[in-house]
Amino acid sequence: MKGSWLKFLVYLLLTVGAVTMVFPFFWMLATSFKSSLEVLSAQITLVPRLKKYIRQDGKLEPVEFLYALKLIEAVNISEGLISEGIPKKNELSSRFLDELSEIYSDYRSRIGGIFLRYRPESEVGQRLDGIWENTMGRIDRLPSAERLPADVRTRVDSEIDRLSRTIRNLGDETAFRENLLAVVILAGDRRGAGLTVSATDIIYKRFLWSNFLKAWRAAPFARYFVNSIIMSIAVTIGQVLTSALAAYAFARMQFRFKETIFLILLGTMMVPKQVILIPDYVIIAKLGWINTYYALIVPFVAAVFGIYFMRQHFETIPQDLFDAASIDGCGRLRTLFQIVLPLSRGVVITVALFTFIMTWNSLLWPLVMTNTPEMRPLQVGLAVFNQESGTEWELLMAASTFSILPLLIIFFVAQKQFIEGITRSGMKG
Amino acid sequence: MKGKDRLSFRPYAYILPALVVILIFQLLPMFYAFFLSFFRWDMINKSGAQFVGLRNYIILFQDPDFWLSLFNTTVFALGSIVVGLSLSLVVAVLLSRGIRGLGLYRTAYFIPHVASMAAIAIVWKWIFQNDGLLNSVIQPLGDLLAALFKLDIGQIKWLQQPQWARPAIIIFIVWKTMGFNILIFLTRLLDIDNSYYEAADIDGASALDKFRYITWPLLMPTTLFLLTISTIFSFQMFIPVFIMFPAGGPLNSAMTTVFYLYKSAFSNFLFGYACAMAYILFFIILILTLIQKKVLGKRAAYEI
């Protein structure tokens, strides 16, 4: 009895741990499919919510966007309200404010980049119920919209009227105007303002695949990918070749200073990459290689790790094979490529795999060595995108997803090789 | 055959390509960095570098930001090693006990290691947001603390409060590196001959005894290896900080030495200064590695 409880506990612990390890990936994927409205709402949704779209002129538009367009006029109409009375007390219910905090347009670029978030009182201090934080955009740049039906306008006006009295306390006219829009959108959304569409034009979607396309187009990701692929493949081929040649000499030939040279090479492994980053930058600048493929590739086409790893394996190949090859008139180089390498497939694949992944993942080096988008590899492009796109998490997660995917695929295809390689190099280390 | 090689240049031709590249881009720069550390140089100034002797090192030791970066790096190293390695050991030991679905578990724990650091750091930046995933997961815990001990921490701002920025980095590093540690521990654990444990069973040893007197000593070389790797990794950490705290974090609380080095060289153009920093970092890593080898290596040899 005690034993089975213990077993249950072990499985429980392991499963909780495993879920923790995998969950960020799930969260990344889930976020990639959400609308920006959903991403910014304070509520956590594990599965993307159903979102309402309306087909208009053959295009799908999120409902919030359409209402925004239709109601913008109302803002202008109501502008007169700004100058009116100073509020006595807060008249907005907290529920109303909560709803308001969810407001955010999916198409912020198209309606002028308005981005409103409600901040609760606790963060702001004693300012009434809170403030709406505006991070970008202005109302002036909004496109004009159709006029609203009279009854809707009345409702919107009364909503604005109520809000205006609260917001006036903030004493900032710009904030007032921008906050008005939030109310207007909300009023429209909640009351079904001004839109007459037939039921067949209303479409519900849960997964926004379009986020991937948007992210892909938000930065030159195609170019980043090409650069990463060129860099990784070139470095991998180069490193495998130079390592195989050198390891072959170290394992199978006698020459003066062999062990001394090898020891010096091993010594360079002790030096952290960061130490040589700056002098390498200077050297590469002197060579005129800054912002070229040379800077990304040439310094890495040889590595001590590969030589060390391959040498160990080449030494285990029986001498008889080499003797037989040489009797058959097989030259040194041919022996390497036709006998030694095919016999060392596992090791070669491991070295290639590690080199590829390390190059693919490198960030600091290409960050320093490149300075235009045309030359950036994926990791650098992603880091720049991260700094430029601020809070567009659905796009950032979509970009992260397609950046991580190639390596995950390689891992699942070559999992055995991968794990063997790590344990083998790890245990020897 | 061997005699022929000894006389010919052939072996040198084979090692030449690798040697040239390593010489130019790894060995030479090592000395060049040392050389540069005695100069003041911004690379833009045409008049060239200015010899300043030990000035860079002297300024470095008086630079509070440098000490802060060393402190941060040490905190990250200690935190991620203590938490990361012990958690990994626990998971590895549990996994080594004839668990069903071992492959599945191992893959799950290992996946973070495969993901690109930059991309996955962005994901964690999203998780660490004020109203992000992590805060909503630990919300009940906070409520419980508040209810039981009247301890109200309030909302944790992982990316904005200096006292939470460091734990955020440590959590991320532990999550990212655990899979690798587990894999190495597990491989060694599965290699341990079962007869040790059978003999211990006959002697009536408890599970704890078996761990203390068999598993732990036999794991010592592996632990040492992982300790060294983790130390080196922590002292070279750059990407997570660069992604999650592009400005070094609140009050520079997440600024690692490598991050400061990068800023000094490529934002402030203090190349000589950055080289001096790189060398100090190099020596710290070297000394730490040697100490670990000496202290733990001896014990490992003794206990087996």
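What follows draws every value from the coordinates through simple rules; no lab data is involved. Because the structure is predicted, anything quoted here is derived from the model rather than measured. Backbone-built Cβ (ideal geometry, glycine too); neighbour counts: all protein chains shown.
Within the shell defined by Cβ-Cβ distances under 14 Å, the residues around B:N268 carry a net charge of -1, with Lys and Arg each +1 and Asp and Glu each -1.
The eigenvalues of the Cα gyration tensor, multiplied by 5 and square-rooted, give region A:298-338 an equivalent ellipsoid with semi-axes of 25, 14, 5 Å from largest to smallest. Here the scattering of region B:216-274 is modelled by Debye summation over its C-alpha atoms, one equal scatterer each and no solvent; at q = 0.16, 0.18 Å⁻¹ the log10 of I(q)/I(0) is -0.60, -0.68.
Remark: relative contact order (region B:54-303) = 30 percent; criterion is Cα-Cα distance under 8 angstrom and separation of 6 or more residues. Sparse packing (at most 12 other Cβ atoms within 10 Å of the Cβ) combined with a DSSP loop state is found for the following trypsin sites (Lys or Arg not before Pro) in region B:87-165: B:R97, B:R100, B:K150.
In sequence order, region B:105-118 has phi-based couplings of 4, 4, 4, 4, 5, 8, 3, x, 5, 7, 5, 4, 4, 4 Hz under the Karplus curve 6.51 cos²θ - 1.76 cosθ + 1.60, θ = phi - 60°, and Gly or Pro positions carry x. Is there a pair in A:K214/B:K125; A:K258/A:K286; A:K34/B:K125; A:K416/B:K176 whose C-alpha atoms are over 24 Å apart, and which pairs would that be? In this structure, A:K258/A:K286 lie more than 24 Å apart at Cα. Sorted ascending by nearby beta carbons within 10 Å, beginning with the fewest, B:C275, A:C330 become A:C330, B:C275. In sequence order, region B:13-26 has phi-based couplings of 5, 5, 8, 4, x, 5, 4, 4, 5, 5, 4, 6, 9, 10 Hz under the Karplus curve 6.51 cos²θ - 1.76 cosθ + 1.60, θ = phi - 60°, and Gly or Pro positions carry x. Amide H contacts of A:K51 (H built 1.01 Å from N, in plane; Pro and chain starts excluded): A:K205, A:R206 sit under 5 Å, all sequence-distant by 5 or more or on other chains. Kirkwood radius, region A:216-428, all distinct C-alpha pairs, inverse of mean reciprocal distance: 19.2 Å.
The three principal axes of the Cα atoms in region B:54-303 give end-to-end lengths of 66, 51, 35 Å, sorted in falling order. Counted by Cβ distance under 13 Å from A:I349, the other residues give a net charge of +2, where Lys and Arg count +1 and Asp and Glu count -1. Among B:I122, B:I171, B:I138, the ranking by other beta carbons within 10 Å of each residue's beta carbon, starting with the fewest, stands as B:I138, B:I171, B:I122.
Here is the tail figure for region B:89-160: Cα pairs spaced more than 15 Å apart come to 69 percent of all pairs.
Under Stokes-Einstein, with the Kirkwood radius over Cα pairs as Rh, the value for region A:318-420 at 10 °C and 1.306 mPa s is 92 µm²/s.
Summed over qualifying helices (DSSP H, 4 residues or more, each -39500 (n - 2.57)) and divided by its residue number, chain B shows a 222 nm mean residue ellipticity of -23500 deg cm²/dmol.
Backbone amide hydrogens, once placed in the peptide plane, bring B:R40 within less than 5 Å of B:Q50, B:F51, B:V52, excluding anything fewer than 5 places away on its chain.
Sequence-ordered 3J(HN,Hα) estimates for region B:145-159 from the Karplus curve with 6.51, -1.76 and 1.60 and θ = phi - 60° stand at 4, 5, 6, 6, 10, 6, 9, 9, 7, x, 6, 7, 9, 3, 9 Hz, glycine and proline given as x. As a proxy for reagent exposure, ranking A:V347, B:V75 by other Cβ atoms within 10 Å from fewest up yields B:V75, A:V347.
Once divided by 2.2 N^0.38 Å, the Cα radius of gyration of region B:13-112 becomes 1.86.
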